[in-house]
Structures are given as C-alpha cells and as structure tokens.
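Just below is one structure, and these are the notes that go with it.
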Amino acid sequence: MPSSSSRAGNRPRSRAAAGLPAVTAEKVVDAAVALTAERGLDNWTLRQLAAAVDAYPAVIYHHVGDRDAVVAAVLDRVVGLLTLPDAGLPWQDWFAELLTELRTVLRAHPGTARRLVLFGPSVDAAARTVDRGIGVLLDAGFGEESVLAYNLLVATACQFVAMEDDRDGTLALRLDNTEEYAKYRDRTDLPGMAAHGRAMQALINDPDLAAGWYGRLYDYAVQRCLDGLTHRLAELGAEPPA
C-alpha cells in the first residue's frame with residue numbers, strides 16, 4: 001500500500017505509470033474473500049484490504065463502498081461458491097448434500113455463517129439456492145410450510161457453523177471444560193453427567209475423534225431436522241409414515 005511518504009517526490013500519477021494493475025470492484029472483493037479465508041470475516045480492516053490491493057482506502061470506497069458494503073459482497077461471493085445438488089435426488093438427500101457442502105464452504109470462510117444467519121446474502125445472490133431449495137420442498141409436498149422448512153434447515157446449519165467458528169478462538173477453555181466433564185465419568189449418582197463424562201474422556205483419549213466432534217454434531221443436527229420434517233410431511237399427508 002502506498003505510504004504517506006510516497007506522496008512526495010517522483011511518485012507516478014497513475015497506477016499504470018507505476019506498473020500496478022488497475023483496481024476493480026472484482027479485485028477488491030477477491031482480496032476481501034482471501035482475507036476472510038485467512039483471518040475470518042471480522043478480523044481484517046479496510047486499511048488492510050487496501051494494502052492487499054496496493055491502494056489507498058479511498059479506492060475501496062470508490063469501487064465497492066464502506067466495510068459493510070464489502071462484507072455484503074463477500075457474503076454474496078461465498079454463497080455463489082455453493083454447488084447445488086442434482087434436482088433428481090429425494091428431498092432429504094438433496095438437503096443433506098446441500099448442507100454438507102454449505103458447511104465446507106462456510107468453514108473455509110470463518111465468520112460468514114454468523115453474518116448469513118443474521119442477515120443473509122443479497123436477494124440476487126440467494127435467489128438460485130432459495131428457488132431450488134424451496135422448489136424441492138414444494139415438490140415433496142410441504143405446501144405453504146416449504147418456506148418455514150427451508151429456513152429451519154439453512155438457519156440451523158448456519159448456526160452450528162457459526163458456533164464452530166466462534167469456538168475455534170477458545171481452544172484452551174474448551175480443553176479445560178472437556179477435562180472437567182471427564183471427571184464425572186464414574187459418577188453413578190449422576191448418570192447423565194457420567195455419560196457425558198465418558199464421551200469427553202473418549203475425546204481426550206482419541207485426537208482424531210476429538211477433531212471430528214463438531215462435524216459429527218453438525219451432521220447429527222442436520223439429520224435430526226430432516227427426520228423431524230419427514231415426520232411432519234407424513235402428518236401433512238404427502239407421504240405415508242415410515
């Protein structure tokens with residue numbers, strides 16, 4: 001990024017004269033997405049973004065806007081990375097595949113899940129996924145509840161990813177809690193705590209098991225939501241109960 005001292009002397013008047021590529025809105029968003037992947041959505045500043053494209057902060061304002069505008073563009077770009085499942089899949093499989101893909105994309109861009117569950121992307125960015133997802137539910141027979149069912153699934157997924165993002169920054173606290181819970185594993189007077197303690201002890205003893213804990217929790221939450229909606233669909237009369 002140009003320094004204040006570089007404004008004096010023989011500094012070229014244009015980026016082209018300085019041998020620098022032109023700054024565009026697309027390049028600004030590219031850099032913001034890269035910073036988000038590296039640091040998290042809430043852990044970079046406009047000044048750092050300007051440095052990433054070798055420009056002044058005013059250039060960011062000119063091409064995209066303030067930080068909120070840049071964040072909105074990042075969210076739209078991240079949502080655009082989603083690959084939608086095959087339309088011929090059963091609705092449960094369609095959403096299981098979509099939400100697996102969603103976790104992968106959002107976890108690669110920390111902080112975007114929290115912002116998406118609170119505010120969502122722009123309508124233009126959301127239209128492709130919303131139209132297909134709600135259409136899948138309409139075809140399955142959810143009728144007027146299709147919008148509610150869609151939002152339940154997507155919001156639940158984003159909330160669990162947001163929780164996972166937040167907990168990445170509190171590793172020491174999580175380890176302390178795990179060890180404290182594990183101490184209850186043999187408490188016959190507290191069977192619930194004992195069961196939880198045994199599960200936590202298993203995580204302590206097996207790093208691979210611990211590393212996959214949040215992924216399994218996410219999958220469990222998604223699957224139980226799908227189970228509940230399957231039961232609800234039977235109540236609506238669109239499918240016979242399993």
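The set of residues in region 179-235 that are open to solvent by 70 Å² or more (accessible area, probe 1.4 Å), of a type in the set (A, V, I, L, M, F, W, C) and either within 30 Å of Val147 (Cβ to Cβ) or touching a residue at least 12 places away in the same chain (Cβ under 8 Å) (or both) contains only Ile204. Only one residue in Val33, Val29 is in contact (Cβ under 8 Å) with a residue 60 or more places away in the chain, part of a helix (DSSP H, G or I) and hydrophobic (A, V, I, L, M, F, W, C). Which one? Just one listed residue meets the conditions, Val33. Taking the listed residues Thr156, Thr104, the one that is open to solvent by 70 Å² or more (accessible area, probe 1.4 Å) and farther than 20 Å from Val29 by Cβ is Thr104, with no other qualifying.
Quick one: which residue in Ala96, Ala58, Ala73 is open to solvent by less than 50 Å² (accessible area, probe 1.4 Å), of a type in the set (Gly, Ala, Ser) and farther than 11 Å from Val28 by Cα? It would help to see each step written out before you state the result.
Numbers: Ala58 fails: open to solvent by less than 50 Å² (accessible area, probe 1.4 Å); Ala73 fails: farther than 11 Å from Val28 by Cα.
Only one candidate qualifies: Ala96.
Restricting attention to region 109-152 and to residues that are more than 12 Å from Leu82 (Cβ to Cβ) and touching a Cys at 6+ places or on another chain (Cβ under 8 Å), the residue that is least open to solvent (accessible area, probe 1.4 Å) turns out to be Ala113. Contact map, region 47-76: residues that are within 14 Å of Thr36 (Cβ to Cβ) paired with residues that are surrounded by 19 or more Cβ atoms within 10 Å (Cβ to Cβ) and polar (S, T, N, Q), Cβ distance under 8 Å, separation 6+ or inter-chain. Pairs shown: Val74/Thr36; Val74/Thr112; Leu75/Thr112.
The values are calculated or read from the model by the stated rules, or taken from the named source; none is laboratory data. These numbers were taken from a predicted model, which means no experiment stands behind them. Cβ atoms come from the backbone with ideal geometry, glycine included; neighbour counts cover every protein chain shown. We work out accessible area using only protein heavy atoms, side chains counted, and drop any ligands, DNA or RNA first. Shrake-Rupley method; radii C 1.70, N 1.55, O 1.52, S 1.80 Å.
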